[in-house]
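> Below are the structure tokens for one structure; questions will follow.
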Amino acid sequence: MSQSKKRRVLVALGTVVAIAAVGAAIAYFTTSGSGTGSASVGSSSAVTIHGTPAGALFPGSNTAVNFTVDNPSSGSQRVNSIQLESVTTDAGHSGCVMTDFTMPNVTVNQTFPSGNGQAVTATGTLTMANTALNQDPCQGAPLTLHLTSN
């Protein structure tokens, strides 16, 4: 085979390979599709509220109450307000009248991420009424504040 004939065969073969490569690179089918996915939404968990009075109470006095929140949930939860549900004491102070202790509802409007011991910005005011009666049974009484929130 002559040199020019070989060259034409090689050029023709190279052209065929190049065309095949270009055709393969741009060949495709179009289609449409659909599918589904799934996820879940968590649930709220009850927060625990801790109240710590700043000082001792005497008839006719009040003290600030500082709060912390424990949020056991994996997500953030909002506390709108804190209410004093009741006050109790130990058996040694059973003559102490628990209704003498009051605290107005505390507006919080704060969101707490997951975690314990988170400070509440708002504070409460716990008051011991001056009933003009003997309140000696309350002297030295350890008070437990039962708190709720919404």
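None of the figures in this text is laboratory data; all of them are computed from the coordinates on show. The shown structure was predicted, so the numbers you read here are calculated from the model rather than taken from an experiment. Here the Cβ is made from the backbone with ideal geometry for all residues, glycine too, and neighbour counts use every protein chain on show.
> Give me the distance between the Cα centres of the range 95-115 and the range 20-80, rounded to whole Å.
For the range 95-115 versus the range 20-80, the Cα centre distance is 24 Å.
> Go ahead and estimate [θ] at 222 nm for the chain from helices alone: -39,500 (n - 2.57) per DSSP H run with n ≥ 4, summed, over the residue count, rounded to 500.
Computed ellipticity for the chain at 222 nm equals -5500 deg cm²/dmol.
> Using alpha carbons only, how many degrees (0 to 90, rounded to 10) separate the axis of helix 3-26 from the longest principal axis of the chain?
With both axes taken from Cα atoms, the answer is about 30 degrees.
> Using r as the Cβ-Cβ distance of Phe29 and Arg7, and R0 as 35 Å, what FRET efficiency do you calculate, to the nearest 0.05? Present the calculation step by step, with values, prior to reporting the outcome.
On the way: r = 39 Å, r/R0 = 1.10.
For Phe29 and Arg7, the calculated efficiency is 0.35.
> Full-extension gain between Ser38 and Thr63, please, as 0.36 nm times their residue separation minus the C-alpha to C-alpha distance.
3.8 nm
> Still on this structure, please answer the following. Rank the residues Val47, Val69 as a footprinting-exposure proxy: fewest other Cβ atoms within 10 Å of their Cβ go first.
Least to most surrounded, the residues fall as Val47, Val69.
> Between Ser114 and Ser76, how many nm apart are label points set 7 Å from Cα along the C-beta direction?
Computed distance between label sites Ser114 and Ser76 equals 1.5 nm.
> Over all pairs of distinct alpha carbons, what does the Kirkwood formula give as the hydrodynamic radius of the range 48-149, in Å?
Over the range 48-149, the inverse of the mean reciprocal pair distance is 14.5 Å.
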